Amino acid sequence: MRTILNSPPPLDIDRPRIKFPFKLLALIPIIILLLVGILSSFYTVNTESVGVVQRFGRFHLITEPGLHGKLPFFIDRVTILPTRRQLKLEFGFSTPGATNEYQGSTQPDLERDMVTGDLNAAEVEWVVQYGISEPEQYLFHFREAPATLRDISESIMCEVIGDRTVDEVLTFGRTEIETDCLAKIKEVVAQFHMGIRVEQIQLKNIHPPRPVQNSFDEVNRAQQEREERINIANGEYNKIIPRAKGLAAQKISGAEGYAFQRVNEAEGDVARFRELLVQYEKAPAITKQRLYWETMKEVLPKLGSKVIIDEDAKQFLPMMNLQQTPNSSR
């Protein structure tokens, strides 16, 4: 016989039932859309930038610094451009911690190695400082305006360096190179309507390739010594030559004055002798006697004490010498 076991009857236990709010679940997407719409309806532009608003991808307007509103759900897109900040591009080197992704050089060796006009090699490092002048042109005329500016700057620098000798590049031609590069880059940027203002070109380190660095340093030292000696010589020249010229002018002036004096004295003597000649022709004996006495009047006082005796005099006393002065002569 099979025994059939009956299961016990279920226990009746009262359990609470939770009703899920399905209507609230349907409101969650709407709330999310409202939050996204509210959050995407405002944007802030800092003091050194402007906001370029694109509506459906097309340029719409430019907004100044401050809090602004726009159409939500990404209908309007805003690009912040630092138009009042000075930006820069570095060639041949990179500064750590730069915020501009295009600032540093990704291939410094390729950018710095250049060939001069006399077929010498030089390593050139430089900086281009620029700013954004036209935001619309900056965003929409080129896909990446800073990258384009890098290519333009590198090309023009190679051209300018290739037109000069290595001595110009390494020594006295830096200012001219900067000025020439700046003018050419400005011309190309204006021609392409890039919306960029190029403000300055700065040459940093310019040196020959490292294997010949010592030889170039010796040449530079020799050139500097040569310039120093030339400057010293010019200084001595400027000190001695003006002095000699002044002394020569003084001698010439003295000679001219002396010549003028002698000429005037000669002319006066001629005039006086002509007057005497007129008087002599009128009375020769009297004029002759008068000239004799006038001459003796001028000569005798200069002779001192004199004793004049006849050459035929006899028995002249030597004691006469006691009456003469020490400077008198016989």
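The values are calculated or read from the model by the stated rules, or taken from the named source; none is laboratory data. As the structure is a computational prediction, the values presented were derived from the model and not from experiment. For neighbour counting, all protein chains shown are included, and Cβ atoms are generated from backbone atoms with ideal geometry for every residue, glycine included.
For ARG84, work out the one condition from (1) over 22 Å from GLU134 (Cα atoms); (2) at pLDDT 80 or above it doesn't fulfil.
(1) is the only condition that ARG84 fails.
Looking at (1) loosely packed, with under 14 Cβ neighbours inside 10 Å; (2) in the same structural domain as GLN54 (by TED's automatic domain parsing), can you tell me which one SER94 breaks?
All conditions pass for SER94, except number (2).
All but one of (1) surrounded by fewer than 18 Cβ atoms within 10 Å (Cβ to Cβ); (2) in a strand (DSSP E or B); (3) touching a residue at least 24 places away in the same chain (Cβ under 8 Å) hold for LEU61; state the number of the condition that does not hold.
Every listed condition holds for LEU61 apart from (3).
Evaluate segment 133-153: report whether one residue or more is under 23 Å from THR165 (Cβ atoms) and modelled with pLDDT of 90 or more.
Within segment 133-153, one or more residues are under 23 Å from THR165 (Cβ atoms) and modelled with pLDDT of 90 or more.
Where residues in segment 108-126 are surrounded by 18 or more Cβ atoms within 10 Å (Cβ to Cβ) and acidic (Asp, Glu), which of them is modelled with the highest pLDDT?
Taking the candidates together, the pick is GLU125.
Among the residues in segment 203-219, are any charged (D, E, K, R), closer than 30 Å to TRP126 by Cβ and outside any helix (DSSP H, G or I)?
Looking through segment 203-219, at least one residue is charged (D, E, K, R), closer than 30 Å to TRP126 by Cβ and outside any helix (DSSP H, G or I).
Test GLU225 against the criterion of being surrounded by 10 or more Cβ atoms within 10 Å (Cβ to Cβ) and under 36 Å from the mean Cα position of the chain (by Cα), and give yes or no.
yes
Sort through GLY235, GLY195 and tell me the only one that's of a type in the set (Gly, Ala, Ser) and in contact (Cβ under 8 Å) with a residue 24 or more places away in the chain.
GLY195
When you go through LEU67, LEU35 one by one, which is the residue that is under 24 Å from PRO135 (Cβ atoms), aliphatic (A, V, I, L, M) and surrounded by fewer than 16 Cβ atoms within 10 Å (Cβ to Cβ)?
Every option except LEU67 fails the conditions.
Pairs please, first residue from segment 95-110 and within 19 Å of VAL124 (Cβ to Cβ), second anywhere and of a type in the set (Gly, Ala, Ser) and assigned to a loop (DSSP other than H, G, I, E, B), Cβ atoms under 7 Å, 6+ apart in sequence or on different chains.
Between residues of segment 95-110 that are within 19 Å of VAL124 (Cβ to Cβ) and residues that are of a type in the set (Gly, Ala, Ser) and assigned to a loop (DSSP other than H, G, I, E, B), the close pairs are THR95/GLY104; GLY104/SER94; GLY104/ALA98; SER105/GLY92; SER105/SER94; PRO108/GLY92; PRO108/SER94.
In segment 167-209, what residues are of a type in the set (Val, Ile, Thr), more than 17 Å from the chain's Cα centre (by Cα) and surrounded by fewer than 20 Cβ atoms within 10 Å (Cβ to Cβ)?
Result: VAL188, single match.
Mind checking which residues of segment 38-55 are at pLDDT 90 or above and over 23 Å from GLY131 (Cβ atoms)?
Of everything in segment 38-55, just one residue is at pLDDT 90 or above and over 23 Å from GLY131 (Cβ atoms), namely ARG55.
Check GLU90, GLU123 and return the single one that is over 30 Å from THR47 (Cβ atoms), within 25 Å of the chain's Cα centre (by Cα) and acidic (Asp, Glu).
GLU123
Have a look at THR116, THR148 and point out the one that is among the hydroxyl-bearing types (Ser, Thr, Tyr) and under 21 Å from VAL198 (Cβ atoms).
Matching residue, one of THR116, THR148: THR148.
Confirm whether PRO209 is of a type outside the set (Asp, Glu) and touching a residue at least 12 places away in the same chain (Cβ under 8 Å).
Yes, satisfied.
Does segment 46-53 contain at least one residue that is assigned to a loop (DSSP other than H, G, I, E, B), touching a Lys or Arg at 6+ places or on another chain (Cβ under 7 Å) and among the charged types (D, E, K, R)?
Looking for residues that are assigned to a loop (DSSP other than H, G, I, E, B), touching a Lys or Arg at 6+ places or on another chain (Cβ under 7 Å) and among the charged types (D, E, K, R), one finds at least one in segment 46-53, hence yes.
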